[in-house]
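**Student:** Here you go, one structure.
The values are calculated or read from the model by the stated rules, or taken from the named source; none is laboratory data. Owing to the predicted nature of the structure, the values given are computational and were not obtained by experimental measurement. FYI the Cβ positions are ideal-geometry reconstructions off the backbone, even for glycines, and counts take in every protein chain you see. Protein only, heavy atoms only, side chains kept; ligands, DNA and RNA dropped before computing areas. Shrake-Rupley method; radii C 1.70, N 1.55, O 1.52, S 1.80 Å.
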Amino acid sequence: MGKMEDDRFLLLNAIKIAKKGIKKGRGPFSALVVKDGKIIAKANNKVVVSHDPTAHAEVLAIRKASSLLKTHDLSDCVLYTSCEPCPMCLGAIYWSGIRKVIYASDRNDAERSGFSDKLIYDEIGLEPANRKIKFIRITDAGGEKVFEKWDNFENKIPY
C-alpha cells in the first residue's frame, strides 16, 4: 500500500475511531487491521470500560482479525494505530506476524497525556531478579516436563 492509502486508513479510520472512543470513555487509542486494502477488524481501547488491563486497541483488533480470518498468522496484514504500540501490544504484533505498523502519535505524546510505558521499557531488558516486581522461579515444579511433552507432540502447530 502506498502513502495515500496509509494516510486514508490512519486519518479517516484510526484517528476517527480514537476520537469517537474518547466520547465513549474508552481512551484515546484505536487500531485497525487491514488485509488486501480492506479493514478486517477495528477496535478502541477498552481497559476502563471492560475492567481489563489487557484490553488495548491493538490487542483487541488483532484478536478480532485472527478470529475472523481463522488464523493466528496475520503476516499478510497491516496494523494502523492512533499511537505507537506499548510493549504489550508490540509483543502481540510480533506474535501475530504482522510485518508493518503505521501509527500517528508516539510514546512521548502518550506520556505527556499520562500514559507512560517508560517503566516497562526499562524493566523488560532486566533479569527477573532485578525487576521492581518480585519474580520467583521454582525450578523443581516440573516445568521442563511440559516442554518435553510439547517437543514430542506429533500434532503440534508451531507459532
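**Student:** Would you mind stating whether Ile133 is more than 15 Å from the chain's Cα centre (by Cα) and either farther than 21 Å from Asn13 by Cβ or among the hydrophobic types (A, V, I, L, M, F, W, C) (or both)? Even if it seems obvious, please write down each step before you answer.
**Tutor:** Numbers: more than 15 Å from the chain's Cα centre (by Cα): yes; either farther than 21 Å from Asn13 by Cβ or among the hydrophobic types (A, V, I, L, M, F, W, C) (or both): yes.
Considered against the rule, which asks whether it is more than 15 Å from the chain's Cα centre (by Cα) and either farther than 21 Å from Asn13 by Cβ or among the hydrophobic types (A, V, I, L, M, F, W, C) (or both), Ile133 comes out as yes.
**Student:** Hey, another quick one. Determine, yes or no, whether Val33 is modelled with pLDDT under 95 and over 22 Å from Tyr121 (Cβ atoms).
**Tutor:** Against the criterion (modelled with pLDDT under 95 and over 22 Å from Tyr121 (Cβ atoms)), Val33 does not qualify.
**Student:** Further, regarding this structure: Take the residues in segment 85-116 that are under 18 Å from Lys19 (Cβ atoms) and touching a Ser or Thr at 6+ places or on another chain (Cβ under 8 Å), then tell me which one is most open to solvent (accessible area, probe 1.4 Å).
**Tutor:** My answer is Tyr103.
**Student:** Which ones in segment 3-45 are open to solvent by 60 Å² or more (accessible area, probe 1.4 Å), of a type in the set (A, V, I, L, M, F, W, C) and in contact with a Pro (Cβ under 9 Å, 6 or more places away or on another chain)?
**Tutor:** Ile22
**Student:** May I pose another question? When segment 65-84 is examined, which residues are found to be free of Cβ contacts under 8 Å to residues at least 40 places away in the same chain and not acidic (Asp, Glu)?
**Tutor:** Answer for segment 65-84, where residues must be free of Cβ contacts under 8 Å to residues at least 40 places away in the same chain and not acidic (Asp, Glu): Ala65, Ser66, Ser67, Leu68, Leu69, Lys70, Thr71, Ser75.
**Student:** Tell me, please, whether a residue that is without any contact (Cβ under 8 Å) to a residue 24 or more places away in the chain, surrounded by 10 or more Cβ atoms within 10 Å (Cβ to Cβ) and under 30 Å from Phe29 (Cα atoms) can be found in segment 131-142.
**Tutor:** Applying the first criterion (without any contact (Cβ under 8 Å) to a residue 24 or more places away in the chain) to segment 131-142 yields 131-142.
Still in the list and also surrounded by 10 or more Cβ atoms within 10 Å (Cβ to Cβ): 131, 135.
Pick out the ones that are also under 30 Å from Phe29 (Cα atoms) and you get 131.
Taking every residue of segment 131-142 in turn, at least one turns out to be without any contact (Cβ under 8 Å) to a residue 24 or more places away in the chain, surrounded by 10 or more Cβ atoms within 10 Å (Cβ to Cβ) and under 30 Å from Phe29 (Cα atoms).
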